[in-house]
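A.B. asks: Have a look at this one before I ask anything.
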Amino acid sequence: MRLRIKEARVAAGMKQREVAKILGISQPYFAQIERGERRLNTELQQQLADVLGVKPPELVDFDAPTPEDEQFLLDVFRTLSPDRRAGWLDMARAATHRPRGGGERN
């Protein structure tokens, strides 16, 4: 699971302090919620969705890998030989339709 609060906030063109003020919470507390360091209860999720102009489920990506899984993949990748790393990167590029070099072409 991954929170998508920051993406929704940026898409709405809002700063953390603006959102926090509307919600009646401090900016540092909101920042902790956005980073996933504080729990997002159902009531606050609804209020936040209303402020950002999205539906509550859009603030959470339940299919995203956990931070632990992402770290595991990174740790394993770092242990691979250069040839195996190249193979992993080729598979990732093919799966995501990204060209060599990591950037997307316009």
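The values are calculated or read from the model by the stated rules, or taken from the named source; none is laboratory data. Just so we're clear, the structure is a prediction, and the values are computed from it rather than from any experiment. Virtual Cβ from ideal backbone geometry, glycine too; neighbours counted across all protein chains shown.
A.B. asks: Could you run through segment 1-40 and say how many residues are small (Gly, Ala, Ser) and more than 26 Å from Asp63 (Cβ to Cβ)?
C.D. replies: Residues that pass the stated criteria total 4.
A.B. asks: On to the next question. State whether the residues of segment 91-106 include one that is acidic (Asp, Glu) and not in a loop (DSSP other than H, G, I, E, B). Can you show your working first?
C.D. replies: The initial filter retains those residues of segment 91-106 that are acidic (Asp, Glu), namely 104.
Adding the requirement that they be not in a loop (DSSP other than H, G, I, E, B) leaves none.
No, segment 91-106 has no match at all.
A.B. asks: Out of the residues in segment 10-23 meeting the condition of being within 11 Å of Leu48 (Cα to Cα) and not β-branched (Val, Ile, Thr), tell me which one is nearest to the chain's Cα centre (by Cα).
C.D. replies: Ala20
This table checks each residue for (1) surrounded by 13 or more Cβ atoms within 10 Å (Cβ to Cβ); (2) of a type in the set (Lys, Arg); (3) at pLDDT 95 or above.
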| position | (1), (2), (3) |
| --- | --- |
| Met1 | no, no, no |
| Ile5 | yes, no, yes |
| Ala8 | yes, no, yes |
| Met14 | yes, no, yes |
| Phe30 | yes, no, yes |
| Ala49 | yes, no, yes |
| Leu52 | yes, no, yes |
| Asp69 | no, no, no |
| Ser81 | no, no, yes |
